[in-house]
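Just so it is clear, none of the values below were taken in a lab; they were calculated from the coordinates. Keep in mind the model is a prediction, meaning the values are calculated, not measured. All Cβ positions, glycine included, derive from the backbone under ideal geometry; neighbour counts span all protein chains shown.
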């Protein structure tokens, strides 16, 4: 309706004042960028990972820079007791839980015929089971409190397969592909509760796992990105903000690929 189309209406839809977000995998550069982006829009944030002290340090910095509430928590997403505790601590300390960002991730490099079962299980436990556990426990709160938004950090790798010289990451790409479908399934299951579930699938980012790769492999990846560079963590944040906010209120069950053209090159 025209009366709603007033100056500033789009910017206002992105605001997250009074909202609370829990971000798993909370110690890395991408998590920090996401936390900063949500805090900049008025959101209180909890950063959770196995490295509680590092999360607490990032949270303290976010709180000071953006004049918001922020906390660091211990959470191994493959451990259901710790996931449940992190959700409870977020609700208890910050007053609720409106947004969940599943950013925890693991990978295992190796030829598939040589990957130990322990390596396969580690990646499945973190990327897939951990995402499910966090969504489930967050949903148990959101169902009784007017709904919410969940954003699963998948990967452009969910839509790609690599030859051995370019990537030996079968457990990673397989679990990220499963996360995309899990996103669709949970969106279908929880829509009537007012819970939107979406995913963002970043391409290669200039941080974290990408930095551990051999330079020749990094160069090969860049050659297959239309924009001929890796992403910066902040370039993923706008999509997360859209999916977390009222600006994305009619979006659910979708995966947004933010990859500089990597999946179509």
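Could you tell me the relative contact order of the chain? Use alpha-carbon pairs under 8 Å, at least six residues apart, and round to a whole percent.
Relative contact order for the chain comes out at 18 percent.
Go through 219-231, 117-129, 74-86 and give me the packing order, highest mean Cβ count within 10 Å leading.
74-86, 117-129, 219-231
Please give the Cα centre distance for the range 1-52 versus the range 114-128, rounded to the nearest Å.
31
Just to confirm the number: angle between the C-alpha axis of helix 170-190 and the first principal axis of the chain, 0 to 90 degrees, nearest 10?
Roughly 30 degrees between the two axes.
How far is helix 29-40 tilted off the main Cα axis of the chain, in degrees rounded to 10, range 0 to 90?
20
Over the residues of the range 1-52, compute the C-alpha Rg and express it relative to 2.2 N^0.38 Å.
This ratio for the range 1-52 stands at 1.48.
Can you tell me which of 23-35, 177-189 comes out highest on packing, and rank the rest after it, using the mean Cβ neighbours within 10 Å?
Descending mean neighbour count gives 23-35, 177-189.
For the Cα atoms of the chain, what angle does the longest principal axis make with the long axis of helix 234-244, in degrees from 0 to 90, nearest 10?
Long axis of 234-244 versus the principal axis of the chain: about 50 degrees.
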